[in-house]
Structures are given as C-alpha cells and as structure tokens.
Amino acid sequence: MQVDVILGLQWGDEGKGKIVDFLADKYDIIARFQGGPNAGHTLVIDGKKHVLHTIPSGIFREGKTNFIGNGVVIDPITLVKEIEGLTSIGIPVQERLIISKRANLILPTHKILDAASEASKGTSKIGSTVKGIGPTYMDKTGRNGLRIGDVLEENFIVKYELLKAKHLQLLQIYNHDYELQEMEEAWFDAIDKLKTFQQVESVYFMNEALQQGKKILAEGAQGSMLDIDFGTYPFVTSSNTITAAVCTGLGIAPQHIGDVIGITKAYCTRVGSGPFPTELEDETGEKLRKEGAEFGATTGRPRRCGWIDLPALNYTCLINGVTKLIITKADILNAFDEFGICTHYNYDGIETKELPYDMVNKTITPTTVYLKSWGNIDASKPLANELTEYVDYLEKYLNTPVAMVSNGPGREQLIDLTKGDLLA
C-alpha cells in the first residue's frame, strides 16, 4: 500500500481539515507529519464548528487511528485541552489517538523565548504565532530537545531542568517580563495526562501498517509557501510543509508516497507579514475577507486577501508532485460579478511565470485576467459554464486535474468532479 498526502498549496488556511475529514472514512490511519499547534484545521460537522490544532482531522471518524508523527512539535497543554474538548462531546480520543515517541515537546520556556524574540523585532516581526514552535525546532536541530518518549524515562526531570536553564540564560538578552511557575504547573499536569496515551516508534508503526495493507492519509499543516526551504523566506514557518516532509515526519521511504492531493482556495489569503503579490488592499480585499470569514482559526487575526496566484500555485504543484487538486471556497467568489486570476509576475523588466529567489526584496506586479463568477453551486446539477471555464483554466495552466470543488464549510458541500474516482 501507499501513503496518500493532503497538503496546502498556498500560505495555509486552504481548508485542509475539512477535506481530510471528508476523505478519512476511506483510510485506516490519518497521520500528521509536521508543524505544531500553530495549525488550525476547521471542520464543520452537523452544523457545529470544530478547530483542531495538533490532533489529526480524522479523529471524528469511528474506527480510524489518528497518529501524531515524529515531525510534529507538541505543546502538552494545548494537546490536552484539545483532547478534553473532544472527549466532552463524546469523541473517544484515547481509543483513536497514538503519538510518536520521537515527537518533540514544546516547553513553557520555548513559548516565552518565542514571544520575547518576536517582540524584540519591532517593525520587522515575521508574524509568529508565539506558540514556541520556532524555538522548539531550533532545539530539535540543535540536538538538545525533549521528546514525548522522554516523559517515561527516569531522567526526564533532569533533562527538563537542563533545557530550561539554557532557555533562561538566553532570555537574559531580552527585556521581556514573564511568569513561569504557573505555566510549568499546567505543563506538568498535561504531561501526566499524556503519559496515559499510547506511544510508538514511528518507523515500525508506519511500515508495519503498510505491510499489513492499511490505507494511510498524511495530513499537512500550514501551506507550501510557508515551507522553511521553499517558502517566502524568512516569512515562513519552522518546518518543511511539503510532500518530502512526509518521509522524514513519519518514517517512511519515498517509494511509499501515492497520491498527492493539493488544496487551494479559489482566491488567496495570508496571515501575518511577508510577500503577497496578489494582495488586495482595498474594498475588494475587505469584501473577500468579509464574505470568506477570513480570520485565523488559531490566532483570530484577520487574513490578508487577494486573487488566486497561479505562478505560486504552479510552483507549489512542482515541489510537491501534486497529482490532484481540490478547490475550496469557490462559493465565496459568488459575491463578485467577476474575479481576478494572476497569470504572470512582472519584475526586473520581465514578465514570467517563475518566482524570484527572494520575493521579499523584489517589487512584483501581477498580470491579472478576469473571469465571470458562476452564481450558486448545486452539487445535484451540472456545473455552471463559468465554473467549468475556471476549472479548465486552472487545469491547463497547472497541468494538473481538479478533482473536487468545495462550495461551503460542511462535509456535504463538496462536488466530486472525478465521478467517485478521486482516490483511484
């Protein structure tokens, strides 16, 4: 068997959670492979909204195993709150969730360091969610992080105190107030609760599942344009968000990768600072924000809005090896008589489909074409000619088939253009 992948192709917030939840019934294991509680995967089930930060989006499906892989960084407090919230509505999380021993832990001092570092940048802030994710990945690559498997070891407290001491020493370079004791108490309470959950070695767990013929869906967090290597550096996240990270974040070999399902909104959004060539800083952008309810699921921050960016989308299709596309929030464009599509970038006196090496210090002017919107979408009827035209335009430009179109937040508001062959 192979591992299919779902990931975002923009700057996050593409609607991955809803798609994972919809497809989860076709899989045995749903696995998160990177990122941390800066993710906010929103699902609407039976009219009720749920936001997941660390737990995979298959948790609502009966009989499915949800796995937090070694590439994820875990804040015990956030994870336990999430577990308790789901348990309170009858979801048997203890039965459905397994955690990799190799997943790194976010300490209270990681959060303090993150907040202090971001505050010190002044107007040069990168837009961090200040949840300790960056400092945790730094300790991971610095080879002195704490991992989930450490919590059951006799020397866990010794390791914790050593890492905390390092952080407190680093904090001396910042003029930043903090209160550690209360955070620590909550953190250790959460650690005790996490000790009751099943921990496994990612490599053996995943590969044994593959050998047993189990179907696995890998769920990405954030978006491909936030990848630490290939995103709009330095305005990126602290992990690799692309298909390649599935191998390192779950412990599987590249030949096990199957379909790569890329999610894109019908337009573009971004939270925080950084390049955004198609951003609409006018009434149209504000209307997109209002119609799309574009506010961060994790931070609550208003998202920057603009038309869809095809040069960037083509770029992320290339680096991910996307085999199928899913377009979300197509219904939002109904609020406009016509909408824009960026087809080229203009910089350094040239018009090109290629992204520059450094998008931060380039003045990029988009070439934009406009298409007519299509009115309300009804899954029981043929697609409107205008929507068909839009889908055809994307498929030809990206040389990738569009498999589904989403016309609302609910599970049932998905139109399968493959006639049931989405995962064939």
**Asked** Within segment 55-76, is even one residue among the polar types (S, T, N, Q), outside any helix (DSSP H, G or I) and within 14 Å of the chain's Cα centre (by Cα)?
**Response** yes
**Message:** Of all residues being outside any helix (DSSP H, G or I) and charged (D, E, K, R) in segment 205-242, which is farthest from the chain's Cα centre (by Cα)? Just the residue, please.
**Reply:** 214
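Of the residues that sit in segment 1-26 and are out of contact with any helix residue (DSSP H, G or I) (no Cβ under 9 Å at 6 or more places or on another chain) and in a loop (DSSP other than H, G, I, E, B), which one is nearest to residue 310 (Cα to Cα)? Let's see the steps before the verdict.
Filtering segment 1-26 for residues out of contact with any helix residue (DSSP H, G or I) (no Cβ under 9 Å at 6 or more places or on another chain) gives 13-26.
The next check asks that each one be in a loop (DSSP other than H, G, I, E, B); those that pass are 13-15.
On the way: 13: 17, 14: 15, 15: 18 Å.
Per the criteria, the residue is 14.
Where in segment 253-320 are the strands (runs of 3 or more DSSP E), entirely inside, with at least 2 residues that are of a type in the set (Val, Ile, Thr)?
Result: 257-265.
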**Message:** Among the residues of segment 366-387, are any modelled with pLDDT under 95 and closer than 14 Å to residue 326 by Cα?
**Reply:** yes
**Contacts under 6 angstrom Cβ, first residue in segment 207-224 being in contact (Cβ under 8 Å) with a residue 24 or more places away in the chain and on the phi < 0 side of the Ramachandran plot, partner in a strand (DSSP E or B) and among the charged types (D, E, K, R), 6 or more apart** = 217/4; 219/32
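Report the residue count in segment 359-400 for those that are touching a strand residue (DSSP E or B) at 6+ places or on another chain (Cβ under 8 Å), over 16 Å from residue 278 (Cα atoms) and not aliphatic (A, V, I, L, M).
Qualifying residue count for the region: 9.
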**Prompt:** Does residue 245 fit the bill of being closer than 21 Å to residue 75 by Cα, of a type in the set (A, V, I, L, M), under 24 Å from the mean Cα position of the chain (by Cα) and not in a helix (DSSP H, G or I)?
**Reply:** no
**Prompt:** Does residue 90 qualify as being part of a helix (DSSP H, G or I), surrounded by fewer than 21 Cβ atoms within 10 Å (Cβ to Cβ) and either of a type in the set (A, V, I, L, M) or without any contact (Cβ under 8 Å) to a residue 12 or more places away in the chain (or both)?
**Reply:** no
**Prompt:** Taking into account only those residues within segment 285-308 that are closer than 13 Å to residue 335 by Cα and in contact (Cβ under 8 Å) with a residue 24 or more places away in the chain, which is surrounded by the most Cβ atoms within 10 Å (Cβ to Cβ)?
**Reply:** 288
**Message:** So, in segment 121-140, exactly how many residues are modelled with pLDDT of 95 or more and farther than 14 Å from residue 105 by Cβ?
**Reply:** 0
**Failed condition for residue 79, given (1) under 13 Å from residue 59 (Cβ atoms); (2) in a loop (DSSP other than H, G, I, E, B); (3) at pLDDT 95 or above** = (2)
**Asked** Regarding residue 51, is this residue in a strand (DSSP E or B) and surrounded by fewer than 20 Cβ atoms within 10 Å (Cβ to Cβ)?
**Response** yes
**Item:** Count - residues of segment 273-311 that are in contact with a Gly (Cβ under 9 Å, 6 or more places away or on another chain), closer than 20 Å to residue 394 by Cβ and small (Gly, Ala, Ser)
**Value:** 1
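For segment 348-358, does any single residue satisfy the condition of being touching a strand residue (DSSP E or B) at 6+ places or on another chain (Cβ under 8 Å), more than 19 Å from residue 230 (Cα to Cα) and not aliphatic (A, V, I, L, M)? Lay out the reasoning, then the answer.
Going through segment 348-358, the residues touching a strand residue (DSSP E or B) at 6+ places or on another chain (Cβ under 8 Å) turn out to be 351-356.
Right, trim to more than 19 Å from residue 230 (Cα to Cα) and you get 351.
With not aliphatic (A, V, I, L, M) added as a condition, the list becomes 351.
There is at least one residue in segment 348-358 that is touching a strand residue (DSSP E or B) at 6+ places or on another chain (Cβ under 8 Å), more than 19 Å from residue 230 (Cα to Cα) and not aliphatic (A, V, I, L, M).
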**Message:** I'd like the residue in segment 186-204 that is under 26 Å from the mean Cα position of the chain (by Cα) and aromatic (Phe, Trp, Tyr) and, out of all such residues, is farthest from residue 108 (Cα to Cα).
**Reply:** 204
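The values are calculated or read from the model by the stated rules, or taken from the named source; none is laboratory data. Treat the numbers as computed from the prediction; the structure is a model and nothing was measured. Neighbour counts are summed over all protein chains in view; Cβ atoms, including those assigned to glycine, are modelled from backbone coordinates with ideal geometry.
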